[in-house]
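Data block below; observations after.
The values are calculated or read from the model by the stated rules, or taken from the named source; none is laboratory data. Quick caveat, the model's predicted, so the values are computed rather than measured. Note that we place each Cβ from the backbone using ideal geometry, even for glycine, and neighbour counts take in every protein chain shown. Surface accessibility is based on the protein's heavy atoms, side chains included, excluding ligands, DNA and RNA. Shrake-Rupley method; radii C 1.70, N 1.55, O 1.52, S 1.80 Å.
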Amino acid sequence: MHNFNVQISGRKRFVLFAPKEHANLYPAFVHAGLWVSRVDPASPDHAMFPRYENAEAWSCELAPGDVLYLPLFWWHCTE
């Protein structure tokens with residue numbers, strides 16, 4: 001699904017990956033419409049997930065009043 005993240009208060013950090021990074025994120029199928037990466041971007045295990053080193057990531061931080069649009073199939077991690 002497409003996703004709009006609206007920050008009301010506080011701050012939130014996002015790490016984003018384009019759909020082309022799918023294989024580098026070692027996806028696991030959860031159920032129809034939901035895939036998760038087995039890699040923890042905050043502490044990646046490069047021995048277990050070596051292709052993750054090739055994944056191109058973007059980071060951003062939302063502040064109050066910010067909106068982030070995530071198109072369909074974009075991977076994201078939120079802190």
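Some values worked out for this structure:
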| quantity | calculated |
| --- | --- |
| Those residues of the stretch 47-74 which are closer than 13 Å to Glu21 by Cα and touching a His at 6+ places or on another chain (Cβ under 7 Å), in sequence order | Tyr52, Glu53 |
| Criterion: out of contact with any Asp or Glu (no Cβ under 9 Å at 6 or more places or on another chain) and in a strand (DSSP E or B) - qualifying residue of Phe29, Phe14 | Phe29 |
| Cβ-Cβ under 8 Å pairs, at least 6 apart or on other chains, the stretch 65-79 side under 21 Å from Asp40 (Cβ atoms), far side of a type in the set (Ser, Thr, Tyr) | Trp75/Ser37; Cys77/Ser37 |
| Pick from the stretch 53-74, criterion of a type outside the set (S, T, N, Q) and in contact with a helix residue (DSSP H, G or I) (Cβ under 6 Å, 6 or more places away or on another chain), ranking: most open to solvent (accessible area, probe 1.4 Å) | Phe73 |
| Pick from the stretch 21-44, criterion surrounded by fewer than 12 Cβ atoms within 10 Å (Cβ to Cβ) and not aliphatic (A, V, I, L, M), ranking: nearest to the chain's Cα centre (by Cα) | Asp40 |
| Restricting the stretch 51-65 to residues that are in contact with a strand residue (DSSP E or B) (Cβ under 8 Å, 6 or more places away or on another chain) and among the acidic types (Asp, Glu), the residue that is nearest to Asn5 (Cα to Cα) | Glu61 |
| Within the stretch 1-20, considering residues that are within 20 Å of Gly65 (Cβ to Cβ) and among the aromatic types (Phe, Trp, Tyr), the one most open to solvent (accessible area, probe 1.4 Å) | Phe4 |
